[in-house]
1. Choose one answer from A:268, A:144, A:23: the residue with the largest mean-square fluctuation in a GNM of chain A with alpha-carbon springs under 10 Å.
2. Copy-to-copy spacing for residue B:92, label 7 Å out on the Cα-to-C-beta vector, in nm, shortest first?
3. Quote the Stokes-Einstein diffusion coefficient, in whole µm² s⁻¹, for segment A:129-271, based on the Kirkwood radius over alpha carbon pairs, a temperature of 20 °C and a viscosity of 1.002 mPa s.
4. Which shape class, rounded, prolate or oblate, goes with segment A:247-327 when its Cα gyration tensor gives a ≥ b ≥ c as root eigenvalues, a/c under 1.5 marks rounded, and past that a/b bigger than b/c marks prolate?
5. Distances in nm, one decimal, shortest first, from residue B:37 to the same residue in every other copy, taking the label point 7 angstrom along Cα→Cβ.
6. So for segment B:103-184, Kirkwood radius off the Cα pairs, Stokes-Einstein at 4 °C and 1.567 mPa s: how many µm² s⁻¹?
7. Rounded, prolate or oblate for the protein assembly as shown? Axes are the square roots of the Cα gyration tensor eigenvalues, ordered a ≥ b ≥ c, and the cut-off for rounded is a/c under 1.5.
8. Report, for residue B:125, each distance to the same residue's label point in the other copies, shortest first and in nm; define the point 7 Å along Cα→Cβ.
């Protein structure tokens with residue numbers, strides 16, 4: 001089985017890379033920027049370079065879908081880079097190509113707030129894609145960098161789907177009808193996403209789950225079953241949003257960046273300001289087999305389980321990261 | 001015949017790319033930074049990305065020696081990036097790998113002045129490689145980025161040759177015994193460079209030539225003949241230092257950067273402050289065949305001419321740009 005997790009942001013360490021190895025995780029899309037500017041993001045990429053150099057038996061840089069298969073063969077984990085916010089490109093569309101050359105394969109057009117490109121899901125008003133946003137979509141299409149709307153608002157997301165010539169992704173979110181968090185996605189968004197061959201990665205971040213930390217594996221898998229009926233199982237994958245070993249200062253950075261002097265608790269609260277506790281059945285990278293068993297027990301066929309656990313992302317990567325096949 | 005010019009810094013335009021094409025120039029090492037800092041250098045790389053996008057039938061990005069052969073086959077010119085100064089990496093050794101990933105294949109450790117890494121050829125004192133310089137040499141060796149000492153001072157150059165585990169290059173300079181300019185290189189440097197399998201690229205920049213602009217093709221080729229006797233013809237190539245279509249403000253930038261409020265005329269003078277006029281036999285990229293004929297007329301065999309005109313650089317690129325073969 002090929003295992004792909006299409007979103008993690010851990011406090012990376014040899015321990016976690018060993019867990020990825022033990023859990024036979026073949027590819028992980030990792031976040032390399034929340035609010036970082038260009039230079040700060042480059043520093044984050046430099047850190048990854050030192051990890052690739054230090055742990056060559058555990059991890060390798062992922063640039064194409066073939067790297068997932070190579071990682072599977074070599075018993076390594078291929079690491080694919082992504083941004084949760086367009087802050088790394090600042091006001092410069094040329095930085096998209098620079099970052100694509102450096103291996104960045106996903107970029108969210110906005111993270112909770114209004115960005116220079118699109119609106120985030122916590123804003124009151126969503127005027128849709130900006131002029132820069134429309135240009136960025138076109139350039140990302142040209143380069144083979146995936147538009148990710150996980151933290152974006154409704155109208156901006158629908159417009160991104162419409163403006164993009166290539167399928168987009170919501171790498172880590174769940175259906176709003178299952179758990180009505182601001183971060184989860186409407187049926188209309190999921191329907192237009194998947195009918196245009198876009199992918200949804202299911203999140204296991206407790207604030208995105210019905211019953212939060214107490215959400216059962218059964219409930220999570222039933223949600224996936226229902227989504228498969230509505231949208232087709234081949235447009236579904238995992239984007240766990242696992243934030244392992246992070247101090248709570250990091251969730252504060254994710255939520256507040258440098259944009260507010262006041263605390264913003266995001267999906268948390270003053271009483272529960274830190275990272276929420278993971279469900280018992282998904283604590284780290286060794287737990288993917290539990291999830292695969294849960295999907296089997298929910299009635300998915302072996303090929304459907306393989307698709308959701310990784311192969312659907314492999315196919316999506318194959319069609320997304322190169323020069324547009326229409327050209 | 002494969003033609004490689006291992007140093008140019010033109011005011012790039014379609015006109016020049018067409019001349020490269022007409023002249024069957026298969027590869028050019030182009031300067032992408034003189035005194036630019038990290039962000040400014042990235043902007044220069046962005047400009048190259050737009051040229052690659054606009055002129056795909058004329059130029060292509062060069063990353064490996066195979067790209068020269070591909071360019072030859074496709075009748076294009078492969079463009080290889082290099083820095084004349086370590087200013088783009090600022091104080092951050094991690095930027096070497098970032099730039100290597102972006103295609104930078106040559107870096108001078110200093111440009112005329114003292115840098116953070118080494119001493120330039122116009123300083124009065126040369127204390128040799130700095131602590132940062134020693135680390136940078138090691139990292140460049142690991143990555144496959146060539147150490148270029150064209151503008152460096154004597155001791156620093158000899159130390160770079162000694163510290164480097166891989167052959168280095170002097171991409172654009174001539175022997176000091178032929179024309180005693182500060183920028184030209186001593187017999188000791190050329191001897192240690194070539195005996196460690198390093199390469200010398202002969203410059204056709206008038207200030208590096210005996211008799212300047214009036215230097216004859218015959219005199220230039222006789223210099224190469226003498227160097228071939230001393231150092232072996234297979235360590236020799238061309239690094240023309242052609243600065244075509246540049247306004248004189250650019251030579252001021254090259255000489256003075258942001259480091260002086262006073263004018264520094266470098267190899268020029270108050271009476272002759274601008275770019276010097278090229279010799280009649282080498283004005284642009286269509287003139288390499290004249291040079292090849294000059295070498296033949298000087299008594300070089302066809303295989304020696306092929307080596308000097310490009311194949312020696314191809315072999316050097318092949319051994320220089322990948323992970324060290326000793327590993």
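Each value in this text was obtained by applying a stated rule to the coordinates, not by laboratory testing. Not measured: the values here are computed from a predicted model. Quick reminder, even Gly has a Cβ in these numbers, built from the backbone with ideal geometry, and neighbours come from all protein chains shown.
1. Maximum fluctuation in the GNM of chain A, among the listed residues, is at A:268.
2. 1.2
3. D = 132 µm²/s.
4. Cα axes put segment A:247-327 in the oblate bin.
5. 1.0
6. Estimated via Stokes-Einstein, D reaches 104 µm²/s.
7. Taking the square roots of the gyration eigenvalues as a ≥ b ≥ c, the protein assembly as shown is prolate.
8. Copy-to-copy label distances at residue B:125, shortest first: 6.4 nm.
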